[in-house]
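Below you'll find the structure, written out as structure tokens, and then a few comments.
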Amino acid sequence: PISANPVDVLIVGGGIGGLSAAYALAREGLRVRVLERAREFGEVGAGLQIAPNCTRILHDYGLLDEAKSLGVVPQSMVMRDAVDGSELTRLDLVDLEREYGFPYMVIHRSDLHGIFLRACRRAGVDLITDAPVSGYENTPSGARVTLEDGRTDEATIVIAADGLHSVARGLIVKDEPVSSSYVAYRAAVPVGQAGREVDLSEVSVHIGPHCHFVHYGLRGGQMLNQVAVFESPKALAGEEDWGTPDELDAAFAETCEDVQAGIPLMWRDRWWRMFDRDPIMTWVQGNIALLGDAAHPPLQYMAQGAIMAIEDGWVLAKHVATRRAADGAIDWPGALAAYETVRPEHCRRVLTTARAWGELWHLDGIARLQRNALLRARDIYDYSFTDWIYGPTALTPEEEPPMFTPIALDSVPAADLAEASVG
Ligand code: FAD
């Protein structure tokens, strides 16, 4: 066995999803162990945007001040056309915080991961590394996992937070990750190396034909975070070796000066091919439940992947708390059913909206001009597009807000379709 100490909950995967769920459950007095495949707990990558539906939960956990001290709370999010550089629309993040009660902020992934890791340590979570799980089974009294080296471990409940390539997901569905043919390059550099004026009071998003470019500040504004995403012609042609740096340069060749100035800073030795999976509505099999990317890996256009993972653990822990008898016994079937009644539908909405939102960003030709006209006409203080996502995380389907109604691109009159003058 992994350990002689029995636990109530075993969590497989110590990413942001696994650790935040571990903390949520440990806070409710449960004994929790995390099994992480890697030699050390950590996160690769760069920045993460966390919207009010996540900072609300961080506040509930007592972790928001720490997050704010490590991240940046920008004043606006500005969306621009990547070709002509003109502004299309914006969110006033100061007003948005007033609207939703909690800030929209940006933080280094490893800083957010570190906040949860330290919180887990304080809460007494048993944190085990070098523990790759290869098998799962339900038992009469709970569930058991088997590691690659043959060791086993068991608990009343097993939560699989093992990411996009989840082994546990195979218990529920035989599906594969879906390639978008898009690839992301990242960079996080000291702001002095930016080589240009950057306004770190903004989260800046340039959207363009088959590409987009994001930048914002990290670590109190000392670092600049950039993400450059594009559609790979080699992926579309079915080639194995796709998303390479030559494709990065070609993809951004026609973009405005501001975007082009950022491209030389991108890390060129690694890149992230963008996959999601089709939504699934079953996440629980007996005493085993999926959480985070294992259940709902999105394309990143809504910037809600890590947030959904954090919401999953928060929702599950709330349902556990309300189903505990005076003697401490938990109605686990009830708690897991309540979790599965509310989370898959919310995440399905985010996954499908992320695909559509990405397509809208990457339009070309007349459709790009129609999109630009629609975005420019938008009232920047109209929150009907964000209520369903930035409002309080629903605990029941009844609490889940209705989704917005999308506006059709061809509703834009032809007279409105002039190219904007270069700003
Ligand atoms: P992961 O982070 O994948 O963690 C899984 C963990 O499980 C890992 O530690 C792994 O080592 C471990 N593991 C895997 N298999 C096993 C095994 N067999 N046994 C034991 N351990 C195992 N989200 C946002 O909210 N905001 C953003 O702005 C944002 N931007 C993004 C930008 C990009 C370019 C990308 C690619 C993603 C972005 N996301 C964003 C999404 C976010 O990164 C993910 O949704 C989130 O990290 C998922 O967390 P997770 O813990 O579920 O999975």
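What spacing in nm lies between the two simple spin-label points modelled at residue 39 and residue 411, each 7 Å away from Cα in the Cβ direction?
My value for the distance between the label points is 5.6 nm.
For the stretch 1-74, evaluate the Debye formula with one uniform point scatterer on each Cα (no solvent term) and list log10 I(q)/I(0) at q = 0.15 Å⁻¹, rounded to two decimals.
Log10 of I(q)/I(0), two decimals: -0.64.
Heavy atoms only, probe 1.4 Å: what % of the accessible area of the chain goes to carbon and sulfur, would you let me know? Before the final figure, lay out the partial values.
On the way: 8970 of 17400 Å².
After summing per-atom areas, the C and S share lands at 52 percent.
Where does each of 323-329, 406-412 land if you order them by average Cβ count within 10 Å, highest first?
Final packing ranking: 406-412, 323-329.
Which residue, chosen from 159, 411, 305, occupies the Cα position most advanced towards the positive end of the dipole of the chain, where the dipole is computed from +1 (Lys, Arg) and -1 (Asp, Glu) charges on Cβ about the Cα centre?
159
Report the net charge of residues surrounding residue 67, where surrounding means a beta-carbon distance below 15 angstrom and charges are Lys +1, Arg +1, Asp -1, Glu -1. Show your work: numbers first, answer last.
On the way: positive: 56, 68, 109, 118, 219; negative: 43, 60, 65, 66, 97, 111.
Result for the neighbourhood of residue 67: -1.
Which one of 184, 171, 203 is farthest out on the positive end of the charge dipole of the stretch 83-223, using unit charges on Cβ (Lys, Arg +1; Asp, Glu -1) and the Cα centre as origin?
Farthest along the dipole direction, towards plus: 171.
How much FRET efficiency would the formula 1/(1 + (r/R0)^6) give for residue 152 and residue 348, where r is the Cβ-Cβ distance and R0 is 45 Å, rounded to 0.05?
Values: r = 34 Å, r/R0 = 0.75.
For residue 152 and residue 348, the calculated efficiency is 0.85.
Convert 37 °C to kelvin, take the viscosity as 0.692 mPa s, use the Kirkwood radius over C-alpha pairs of the chain as Rh, and evaluate the Stokes-Einstein diffusion coefficient in µm²/s, rounded to a whole number. Don't jump to the answer; show the numbers that get you there.
Numbers: Rh = 22.4 Å.
It comes out at roughly 146 µm²/s.
Any aspartates and glutamates with Cα under 19 Å of the residue 318 Cα? List them, leaving off those in the same chain fewer than 8 positions away.
Answer for residue 318, where 19 Å is the Cα cut-off: 8, 28, 60, 327, 331, 340, 345, 398, 399, 400, listed by chain and number.
Report the gain in length on full extension from residue 281 to residue 84: 0.36 nm times residue separation, minus Cα-Cα distance, nm rounded to one decimal.
On the way: separation 197, 0.36 × 197 = 70.92 nm, distance 4.15 nm.
The span from residue 281 to residue 84 would gain 66.8 nm if fully extended.
Return one whole number: the accessible area per residue of the stretch 303-348 in Å², for a 1.4 Å probe.
Details: 1520 Å² over 46 residues.
It amounts to 33 Å² per residue over the stretch 303-348.
Would you please put 297-307, 123-133 in order of how densely packed they are, using the mean number of other Cβ atoms within 10 angstrom per residue and starting with the highest? Intermediate results must be reported in sequence, preceding the final value.
Numbers: 297-307: 24.1, 123-133: 17.3.
So the order, starting with the most tightly packed, is 297-307, 123-133.
Quick check: pseudo-label points 7 Å beyond the Cα along Cα→Cβ at residue 272 and residue 364, how many nm apart are they?
Using points 7 Å along Cα→Cβ, the separation is 2.5 nm.
Just the number please: accessible area per residue for the stretch 39-106, 1.4 Å probe, all protein chains included, in Å². Before the final figure, lay out each step's value.
Working: 2540 Å² over 68 residues.
Counting only protein heavy atoms, the per-residue value for the stretch 39-106 is 37 Å².
If the stretch 21-114 were replaced by its equivalent ellipsoid, with semi-axes equal to the square roots of 5 times the Cα gyration tensor eigenvalues, what would those be, largest first, whole Å? If you can, show how the numbers build up before the last one.
Details: eigenvalues 191, 68, 19 Å².
Over the Cα atoms of the stretch 21-114, the semi-axes work out to 31, 18, 10 Å.
Taking the Cα of residue 324, stepping 7 Å toward and past its beta carbon, and measuring to each backbone N in the stretch 125-167: which are under 18 Å?
The answer is 125-126, 156-159.
Please tell me the relative contact order of the chain in percent, rounded to the nearest whole number, where contacts are Cα pairs under 8 Å and at least six residues apart. Intermediate values should be presented prior to the final figure.
On the way: 854 pairs, mean separation 85.8, N = 423.
Across the chain, relative contact order equals 20 percent.
Dipole of the chain, Cα-centred, from +1 at each Lys and Arg C-beta and -1 at each Asp and Glu C-beta, to the nearest 20 debye?
Values: 37 positive and 60 negative charges, 220 e Å.
Value, rounded to 20: 1060 debye.
Pairwise over distinct Cα atoms, reciprocal of the mean inverse distance: report the Kirkwood radius of the stretch 230-280 in Å, one decimal place. Provide the component values of the computation, followed by the final result.
Working: mean 1/r = 0.0800 Å⁻¹.
Final number for the Kirkwood radius of the stretch 230-280 is 12.5 Å.
Among 263, 291, 274, which residue has its Cα positioned farthest towards the positive end of the charge dipole of the stretch 256-295, with +1 placed on the Cβ of Lys and Arg, -1 on the Cβ of Asp and Glu, and the dipole taken about the Cα centre?
Farthest towards the positive end: 291.
Taking 0.36 nm per residue of separation and subtracting the Cα-Cα distance, what length does fully extending residue 376 through residue 3 add? Write down the numbers at each step before the final one.
Details: separation 373, 0.36 × 373 = 134.28 nm, distance 5.86 nm.
Taking 0.36 nm per residue and subtracting the Cα distance, the gain is 128.4 nm.
Round to the nearest 10 and give me the degree value, 0 to 90, for the angle of helix 332-361's Cα axis relative to the longest principal axis of the chain.
Between helix and principal axis, roughly 20 degrees.
Kindly express, to the nearest 10 degrees and within the range 0 to 90, the angle between helix 365-377's C-alpha long axis and the longest C-alpha principal axis of the chain.
Its long axis makes an angle of about 80 degrees.
Taking the Cα centroid of the stretch 285-317 and of the stretch 188-251, what is the distance between the two, rounded to the nearest whole Å?
If you average the Cα positions of each part, the centres end up 26 Å apart.
The values are calculated or read from the model by the stated rules, or taken from the named source; none is laboratory data. For clarity, every value in this text was computed on a predicted model and none was experimentally measured. Counting neighbours? That spans all protein chains shown, and the Cβs are built from the backbone with ideal geometry, glycine included. Surface accessibility is based on the protein's heavy atoms, side chains included, excluding ligands, DNA and RNA. Shrake-Rupley method; radii C 1.70, N 1.55, O 1.52, S 1.80 Å.
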